[in-house]
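Before any comments, here is the structure.
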Amino acid sequence: MSLLEILQELQATHDHLRTIDRDLSAFPPDLASLDQEGKSLTRQLQETEKQLVDLREKRKELEQQLEEAQRAEEVARKAMKAATQKVQYAAAIRDLDDRERQKAAVARPLKDAVARCAELEVSLASLRSRSEETQARFQELHQVFLSEHENQVVGRERLLLRRKELESSMTAGDLVRFQRLLQTRQGRAVVPIQGSTCTGCQVKLRVPFLSELRRNGGPMICESCQRIVFIP
C-alpha cells in the first residue's frame, strides 16, 4: 500500500471507531443514571480523601505543637516549684499561666481535628461502599448493554487491530503528524479536495499547489489548515 492509501484507510478506521464509540456510550436512561452517579461518587471520594489527608497532616502538626506546649508547661511548673524568692515565684506563676494558655490554644483545635477526621473516615467508608455498589450494578447492566450491541463490540475490536497494523506500517514522523492532526483538527486529519477546495477548511487552494498535487498524486499538506489532502 502507498502512504496515501494507508492514510486514507487509517482516517476511515478512526471515523468508524468514533461512530462506534459514540454509539456504545449512548447509554439507556437507567445505565446513564448509574454512570452519572458513579462519576459523582468518584468525585466525592477524591474530594473527601484529599480533605482527610490534609486534615491528618494538620492534626499531626497540632499534635507536635501540643507535645511542645506540654513540655514547656512542665518546665515552667518545675521552675515555679524551684523558686525560692517571691519575685521569682511570681514570675514563674505568670510564665506557667502563659504556657497553660498556649497548651489550651493548641488542644482545642486538635480536639476538633480529631473529631473531624473521625467524621470524614465514616463518610469515606460510606462513599466507598456506595461507589462499589453503584459500580457493580453499572457493570452488570453494562454487560447486558454490550451483549445487545455485540456486532459493534466485535467490529470495534477488529478496527482497533487494523488501526494498529496500519500505524505499524508508517514511519514515526508520518504517524506523529497524523495523530497530531487528529487532535487539533477535530478528528479529520486526511481530507479530499473537491474541485479546488480543501474539504477540511473550505479554502480554495492555489493553482500551482493543485498542479503539483496532480503531478505527485499526493498526499500533500493543505497550505491553510495543514491537513493531509489528496485528489480522489
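The values are calculated or read from the model by the stated rules, or taken from the named source; none is laboratory data. From a predicted model like this one, the values you see are computed outputs, not experimental measurements. Here the Cβ positions follow ideal geometry from the backbone for every residue, glycine too, while neighbour counts run over all protein chains shown. Areas reflect the complete protein model, heavy atoms only, side chains present, ligands, DNA and RNA absent. Shrake-Rupley method; radii C 1.70, N 1.55, O 1.52, S 1.80 Å.
Here Cys201 fulfils each of the conditions (1) surrounded by 14 or more Cβ atoms within 10 Å (Cβ to Cβ); (2) out of contact with any Ser or Thr (no Cβ under 7 Å at 6 or more places or on another chain) apart from (2). Of everything in region 89-146 that's surrounded by 15 or more Cβ atoms within 10 Å (Cβ to Cβ) and of a type in the set (Asp, Glu), which residue is farthest from Glu57 (Cα to Cα)? Across region 89-146, the extreme among qualifying residues is Asp95. The single residue among Asp112, Asp23, Asp98 that is under 25 Å from the mean Cα position of the chain (by Cα) and not in a loop (DSSP other than H, G, I, E, B) turns out to be Asp23. No other residue among Gly155, Gly195 is open to solvent by less than 40 Å² (accessible area, probe 1.4 Å) and not hydrophobic (A, V, I, L, M, F, W, C) apart from Gly155. Note on region 121-226: enclosed helices (runs of 4 or more DSSP H) holding 2 or more residues that are touching a residue at least 40 places away in the same chain (Cβ under 8 Å) are 150-168, 172-184.
How about region 22-42: which of its residues are surrounded by fewer than 13 Cβ atoms within 10 Å (Cβ to Cβ) and touching a residue at least 60 places away in the same chain (Cβ under 8 Å)? Those that are surrounded by fewer than 13 Cβ atoms within 10 Å (Cβ to Cβ) and touching a residue at least 60 places away in the same chain (Cβ under 8 Å): Asp23, Pro28, Asp30.
Report whether or not Pro232 is touching a residue at least 40 places away in the same chain (Cβ under 8 Å) and either open to solvent by less than 70 Å² (accessible area, probe 1.4 Å) or charged (D, E, K, R) (or both). Break it down stepwise before answering.
Details: touching a residue at least 40 places away in the same chain (Cβ under 8 Å): yes; either open to solvent by less than 70 Å² (accessible area, probe 1.4 Å) or charged (D, E, K, R) (or both): no.
Judged against the criteria, Pro232 is not a match.
For region 43-55, the set of residues classified as in contact (Cβ under 8 Å) with a residue 40 or more places away in the chain and open to solvent by 30 Å² or more (accessible area, probe 1.4 Å) consists of Gln44, Glu49, Gln51, Leu55, listed by residue number.
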